[in-house]
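Working notes, structure below.
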Amino acid sequence: MPQSILKMKNITIDFPGVRALDDAQFLMHTGQVHALIGANGAGKSTLMKVLSGAYTHYTGDIILNDKKIEIRSPQDAKELGIQIVYQEVDTALIPYLTVGENIMLNKMVNGMGKRQFIQYSQIHKEASSLLERLNIHVSSRRLVRTLTLAEKQMVLIARAISRDCRYLILDEPTAPLSNTETDQLFEIVRQLRSSNVGVIFISHRLQELFEICDEITVMRNGNFISHNQINEVTIDSVVEKMLGKQMEEQFPTMEREVKEKVFEVKHLRDDEKVEDVSFHVCAGEVIGLAGLVGAGKTEICKALFGESSHLEGIVKMHGKTLNIRNSNQAVNYGIALVPEERRKEGVLVEEKVSTNLTSAHLSSFVRRFSFLNFKKERTVSAEMVEKLGVKTPSIETKLSNLSGGNQQKIAIGKWLIADADVYIFDEPTKGVDVGSKKDIFTLILELAKRGKSIIYASSELTEIVGITDRSYVIYDGKVVKELQTNKTTEEQLLFYSTGGRDS
Amino acid sequence: MSASSNTSNSSSSPKQNKQSFDFFQFLYKYGTIITIILLIVIFSIANPAFLQWSNIENILRSISIVTIIAIGLTISLSVNGFDLSIGSVASLANAVVISMFVWYGQSTLIAILVALVAAILVGLLNSFLIVKMRIPDMLLTLATMFVIQGVALTYTRSATISENMIMPDGSYSEGMITDVFSLLGKAPYIIILMLVIVFIVHIFLTYTKHGRYMYVIGGNEEAARLSGIPVNKYKVLAYVLSALLAAIGGIVLASRVMQAEINAGENYLMDAVAAAFIGLSVLGAGKPNALGTFVGAVLIGILANGLVMMSVPYYAMDIVKGGVFALALAVTYYKLK
């Protein structure tokens, strides 16, 4: 296949109340990995949705090999060899069909011609050879339902290249992956590059872009900012371009006083993932639960929140033993959990911003006989939106109209209003851009300053080092090490979280 | 970043206001109400008697039972549930309340209370199986629909219960339906009862903490759970209230016809479903709501009444009714797309 060039020129697209793209530009060749980055709401995903035919009301030109092309439906894009793998892999897969059927879905639907019967042996043969080509070790006869998230993603990549694929868009593919899985994905990406596929790679993890990408395009507020070879830029200069200003110290510092022990967990275990977890946290303290993806952090957080079955162990607050059997009790005891899967578990996308913000603490917004105090709800919501810097036209806006990062801020804001004693944050910065990350860190430290106890679970070890006072390393559902953060390094955390032991 | 984003927002929002009038948005919000007005105009031109007070009273009386049952359904819809058993619960309550009078000679209060208690038991059974056994609500209530229907039939031995009926032992029943009870099904009481129920449930769903919790659960159950809302408790409440209102519908029906026919409540299920779903879009609510359900019931009532006045044969009525329902849903879901 000869090298081909893809250009997008002066792409503009409007949504009600927002101009999502404003004269955006993009240029790339096949046989390269091209990073596309920008803060939340910068328009990366929108630009790629235009390219893949999901948004059709754009203005501007798309040029492939000096020929102007029209992409006005996903079908158009696919026929031109532009394939996309979205971040939400589950929406693109049919769980109760096999891997092979999912990979060959397109052929089963469009490539049948006049034939009425499906030749499964052929389907599985072709699917297996695709999987083999990508070095993916998944049987084509397994049900997609039984796959891990990483495997599902690989199945989608296999589907994308099952037809003519000149350009492959990967929208934040590494966000839910563990380190090993990320390495596997990069192996596949390299393979695609060497077979002359142009890979567009969207990610918030700047580090990994330097590992895998050749070129980089930065966007901000719907505008094109820059296009460089990756070796011409550094992380700092990229961040500067993304934010439009110099990056200050990413982790704010705040004078805090660590007081008495508030929350204590002893020998916590459930019958699934959590095994013997003990830790404590004091008033005004931020502790980290560090560990790789899949280490069991989420399970521990959920268990503390009464969402786990057959829980054993002792949970104490202010010296009193708690008996948490469901999340309602946990909230009553003064525990708050900002869950990892915010869109699924943290927010109501079909409801207004204000309804979302007050949903965890509605009892403080009622007058006599449980009647709602709408005025107070509006005032407090508006304050919180202001404080969090949420980009929203008004507090009456439905959450589904906000960008992902802003929805996450709402999910956190909900608990700030709720006023608990112990806050559990599960990967609070997942999918959040650098600018908003700092807002979130500031909020968390402010909580600690007010004497709250913070449990910060994250696989981003930089954040653990940057924000916590003490940290516990989780490996395989167990606490394997307690560390004083100011005496530790990222390398040390990584060592323990990958199963390293003191000799 | 926030400074620049704010300016981009404020500069783009006037653009939104200027943006052309969205026809489907308008239709979504006001379509049902416009349809009602149109129908009233058409019917009153076709037959001036349509607008006479006696006929309006007639319409309101005819929709009151559907409305009461549909309001119960609205509550179950608000937690993203679906109670299909309301028709049979109405049948059961109807049978129980009449039998209390006719077979057992009970007082009005006792008769009504026993019927309500029976309904609460059904609601508890429904919610237990949904919440604890985790059976999908629509399937479960489909199952209980049959069970309750069967219970009602067995209880009445598949016979119509009325005053002076022949008992199995050959004698005539001696119990009488009280005069107070018979008032319940007559205008204006039946209409007042309906309006009071619509009003109370509207206040409950929109202005109280509990109603808000129900909508939160309906919007995202997992998020509601992790927000500390006692999800199961509210689901139980929703299904009990749903059954309770269905029973009130059945009791009012009993008062109106003064007897218990077999499966009398069944016919109300589908009308109630239609009313509640038409109501989703009223004034752009986008979610189940009591006022919308009432408007939906009014639409159905006007349609039925007007068609009768225009001498459309009763057997062709369902064609029109179904057609209007489909139209209302088309408007709702076209917008949602």
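The values are calculated or read from the model by the stated rules, or taken from the named source; none is laboratory data. In this text, all values refer to a predicted model and were calculated from it rather than measured experimentally. All Cβ positions, even for glycine, are placed from backbone atoms using ideal geometry, and neighbour counts span all protein chains on display. These accessible areas exclude ligands, DNA and RNA; they are computed on the full protein's heavy atoms, side chains included. Shrake-Rupley method; radii C 1.70, N 1.55, O 1.52, S 1.80 Å.
From zero outward in steps of 10 Å, how is the percent of C-alpha pairs of the protein assembly as shown spread across the bins? P(r) over the protein assembly as shown, rounded to whole percents: 2, 11, 18, 20, 19, 15, 9, 4, 1, 0, 0. Annotation for the A:B interface, with buried accessible surface near 2900 Å², both sides summed [1.4 Å probe; non-protein components not counted]. Ligands, DNA and RNA aside, residue B:103 has an accessible area near 50 Å² when probed at 1.4 Å.
Gain on full extension, evaluated as 0.36 nm per residue between residue A:400 and residue A:387 minus their Cα-Cα distance, stands at 2.6 nm.
A simple spin-label model places pseudo-atoms 7 Å from Cα toward Cβ; at residue A:498 and residue B:56 they are separated by 8.0 nm. When you restrict to C-alpha pairs under 8 Å that are six or more residues apart and normalise by the size of chain A, the relative contact order lands at 16 percent. Taking every residue in A:361-369 and counting other chain Cβ atoms within 10 Å of its Cβ, the average works out to 3. Accessible surface comparison of A:108, B:309, B:176, probe 1.4 Å, protein chains only, largest first: the order is B:176, B:309, A:108.
Applying D = kT/(6 pi eta Rh) to chain A, where Rh is the Kirkwood radius over alpha-carbon pairs, T corresponds to 4 °C and eta to 1.567 mPa s, the Stokes-Einstein value obtained is 53 µm²/s. Across the protein chains, with a 1.4 Å probe defining accessible surface, the residues A:343, B:134 rank B:134, A:343 from largest area downward. Under the simplified labelling scheme, the residue A:476-residue B:44 pair shows an inter-label distance of 8.0 nm, with each label point 7 Å from Cα along Cα→Cβ. Within the full protein context, the accessible area of residue A:213 is estimated at about 10 Å² for a probe radius of 1.4 Å. Against the main long axis of the alpha-carbon atoms of chain B, helix B:108-131 sits at an angle near 50°.
Taking Cα pairs under 8 Å and at least six residues apart, what relative contact order does chain B come out at, in percent? List each step's numbers first, then the result.
On the way: 515 pairs, mean separation 113.2, N = 337.
Reported as a whole number, the value is 34 percent.
With n ≥ 4 as the cut-off for DSSP H runs, can you work out [θ] at 222 nm for chain A, using -39500 (n - 2.57) per run divided by the number of residues, rounded to the nearest 500?
Working: 17 runs with 165 residues, N = 503.
Theoretical 222 nm ellipticity from helices: -9500 deg cm²/dmol.
Once the C-beta distance of residue A:314 and residue A:486 is scaled by a Förster radius of 30 Å, the resulting FRET efficiency is 0.55 to the nearest 0.05. Taking segment A:227-336, which chymotrypsin sites (Phe, Trp or Tyr not before Pro) meet the DSSP loop condition and have no more than 10 other C-beta atoms within 10 Å? Nothing satisfies the criteria. Shown here for segment A:59-160: chymotrypsin sites (Phe, Trp or Tyr not before Pro) in loop regions (DSSP other than H, G, I, E, B) with at most 16 other Cβ atoms within 10 Å, namely A:96, A:117. Averaging the Cα positions of each part gives two centres, and for segment A:127-199 and segment B:293-311 these lie 58 Å apart.
Within a Cβ distance under 12 Å of residue A:333, other residues only, what is the Lys/Arg minus Asp/Glu net charge? Working shown, then result.
Numbers: positive: A:316, A:320, A:325; negative: A:421.
Around residue A:333, the surrounding residues sum to +2.
In this rough spin-label picture, where each label sits 7 Å from Cα along the Cβ direction, the residue A:54-residue A:183 distance is 3.1 nm.
Which FRET efficiency value, to the nearest 0.05, is calculated for residue A:374 and residue A:251 with the Förster distance at 35 angstrom and r the Cβ-Cβ distance?
Numbers: r = 38 Å, r/R0 = 1.09.
After rounding to 0.05, the efficiency reads 0.35.
Can you check what the net charge comes to around residue B:224, using other residues whose Cβ is under 15 Å from the Cβ of residue B:224 (Lys, Arg +1; Asp, Glu -1)? Neighbourhood net charge equals +3. Computed over all pairs of different Cα atoms, the Kirkwood value for the hydrodynamic radius of segment A:294-403 is 16.1 Å. To the nearest 10, the accessible area of residue B:158 is 70 Å² with a 1.4 Å probe.
Using a cut-off of 11 Å between beta-carbons, work out the net charge of the residues near residue B:301 (Lys and Arg +1, Asp and Glu -1, residue B:301 not included). Local charge sum for residue B:301: +1. Built from the Cα atoms of segment B:26-336, the convex hull projects on average onto 16.8 nm², one quarter of its surface area.
Taking a point 7 Å from the Cα of residue B:128 along the Cα-to-Cβ direction, the residues of segment B:226-259 with backbone N closer than 19 Å to it are B:232-244. The sum of -39500 (n - 2.57) across all DSSP H runs of n ≥ 4, divided by the residue count of chain B, sets its helix-only mean residue ellipticity at 222 nm to -25000 deg cm²/dmol.
Relative to the longest principal axis of the Cα atoms of chain B, the long axis of helix B:2-18 makes an angle of roughly 70 degrees.
Dividing the mean sequence gap of close Cα pairs (under 8 Å, 6+ apart) by how many residues segment A:191-343 holds gives a relative contact order of 15 percent.
At a Förster radius of 56 Å, what calculated FRET efficiency corresponds to the Cβ-Cβ distance of residue A:442 and residue A:115, to the nearest 0.05? Could the numbers behind the result be given before it?
On the way: r = 61 Å, r/R0 = 1.09.
Approximately 0.35, to the nearest 0.05.
Placing +1 on the Cβ of every Lys and Arg and -1 on the Cβ of every Asp and Glu, with nothing else charged, gives the protein assembly as shown a dipole about its Cα centre of roughly 1180 debye. Helix B:290-309 axis versus longest C-alpha principal axis of chain B: approximately 60°, rounded to the nearest ten.
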